[in-house]
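**Student:** Attaching a single structure in structure tokens format; questions to follow.
The values are calculated or read from the model by the stated rules, or taken from the named source; none is laboratory data. Keep in mind the model is a prediction, meaning the values are calculated, not measured. In this analysis, Cβ positions are derived from the backbone assuming ideal geometry, glycine residues included, and neighbour counts consider all displayed protein chains. Note: accessible area is taken over every heavy atom of the protein model, side chains too, but ligands, DNA and RNA are not part of it. Shrake-Rupley method; radii C 1.70, N 1.55, O 1.52, S 1.80 Å.
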Amino acid sequence: LSSAGRIIWQKGKTGQTKGNADTDNFNSPTGIVVDEAAREAFISDGYRNQRIAVIDADTGAFKRMWGPYGDAPRDLPRNQLNGGTSGKHEPAGLKTFGDSVHCIEMSRDGLVYVCDRGNNRIHVYKKDGTFVKEGSVAPKTGAMGSVFDIAFSSDAQQRFLYVADGANHHVHILRREDLAV
């Protein structure tokens with residue numbers, strides 16, 4: 001939007017998605033973070049798709065995408081994913097994102113943090129989609145999962161990560177270095 005509230009450009013059209021490989025549309029995205037220096041927008045496209053998509057922040061041109069562990073995203077029905085509508089929490093489901101890729105944030109050192117709510121975990125990536133690490137938060141949480149949103153501590157190193165857990169009604173504090181509670 002312009003400063004006057006006019007649409008400058010739009011990426012995607014409602015109801016037009018062709019799945020996780022679609023470079024023109026999203027399907028119920030849950031979050032966005034902009035890397036001002038690189039002029040890139042990172043989008044957690046996570047209720048019906050299970051991916052992270054990156055677009056040019058100035059033009060909306062598609063740049064890249066990834067699924068869990070930096071792999072290519074796969075199209076799976078929501079009822080086959082851990083958490084949410086399926087109610088499942090199976091070990092095999094940990095190889096995919098859960099029912100909802102629920103948030104995305106970027107730390108000052110350029111790492112991308114993703115809330116994999118249905119699997120009760122946080123994934124960390126480099127900006128190119130390279131997987132760095134993961135951490136679990138309240139791993140026995142059923143149904144909706146535990147990782148709803150994240151925020152970083154205000155110190156220069158952002159040593160801590162605050163995790164909003166809407167299912168268990170907690171805020172968990174994790175060391176960012178190792179994602180330990």
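**Student:** Please specify each residue of segment 33-53 satisfying the condition of being among the hydrophobic types (A, V, I, L, M, F, W, C) and without any contact (Cβ under 8 Å) to a residue 40 or more places away in the chain.
**Tutor:** In the first step, residues of segment 33-53 are kept if they are among the hydrophobic types (A, V, I, L, M, F, W, C); the result is 33-34, 37-38, 41-43, 52-53.
Within segment 33-53, Val34, Ala37, Ala41, Ala53 meet the criteria.
**Student:** With respect to Val171, determine if the residue is farther than 23 Å from Ala38 by Cα, modelled with pLDDT under 95 and open to solvent by 90 Å² or more (accessible area, probe 1.4 Å). Outline the logic, then answer.
**Tutor:** Values: farther than 23 Å from Ala38 by Cα: yes; modelled with pLDDT under 95: no; open to solvent by 90 Å² or more (accessible area, probe 1.4 Å): yes.
So Val171 does not fit the description; no.
**Student:** To continue, here is another question. Would you call Asn120 without any contact (Cβ under 8 Å) to a residue 40 or more places away in the chain, touching a Gly at 6+ places or on another chain (Cβ under 6 Å) and not aromatic (Phe, Trp, Tyr)?
**Tutor:** Numbers: without any contact (Cβ under 8 Å) to a residue 40 or more places away in the chain: yes; touching a Gly at 6+ places or on another chain (Cβ under 6 Å): yes; not aromatic (Phe, Trp, Tyr): yes.
Yes.
**Student:** For Leu161, are the conditions met, namely being touching a Lys or Arg at 6+ places or on another chain (Cβ under 8 Å), assigned to a strand (DSSP E or B) and surrounded by 19 or more Cβ atoms within 10 Å (Cβ to Cβ)?
**Tutor:** Working: touching a Lys or Arg at 6+ places or on another chain (Cβ under 8 Å): yes; assigned to a strand (DSSP E or B): yes; surrounded by 19 or more Cβ atoms within 10 Å (Cβ to Cβ): yes.
Yes: the conditions hold for Leu161.
**Student:** Next up: Mind listing just one residue for me: the one in segment 64-109 that is of a type in the set (Val, Ile, Thr) and open to solvent by less than 30 Å² (accessible area, probe 1.4 Å) and, of those, farthest from Phe42 (Cα to Cα)? Give the derivation first.
**Tutor:** Filtering segment 64-109 down to residues of a type in the set (Val, Ile, Thr) leaves 85, 96, 101, 104.
Then drop every residue that is not open to solvent by less than 30 Å² (accessible area, probe 1.4 Å), which leaves 96, 101, 104.
On the way: Thr96: 19, Val101: 13, Ile104: 8 Å.
Taking the candidates together, the pick is Thr96.
**Student:** Restricted to segment 1-58, and to residues that are under 15 Å from the mean Cα position of the chain (by Cα), at pLDDT 85 or above and part of a loop (DSSP other than H, G, I, E, B), which residue is surrounded by the fewest Cβ atoms within 10 Å (Cβ to Cβ)?
**Tutor:** Per the stated criteria, the residue is Ser28.
**Student:** Moving on. Restricting attention to segment 118-126, does a residue exist that is open to solvent by less than 10 Å² (accessible area, probe 1.4 Å) and part of a loop (DSSP other than H, G, I, E, B)?
**Tutor:** Yes.
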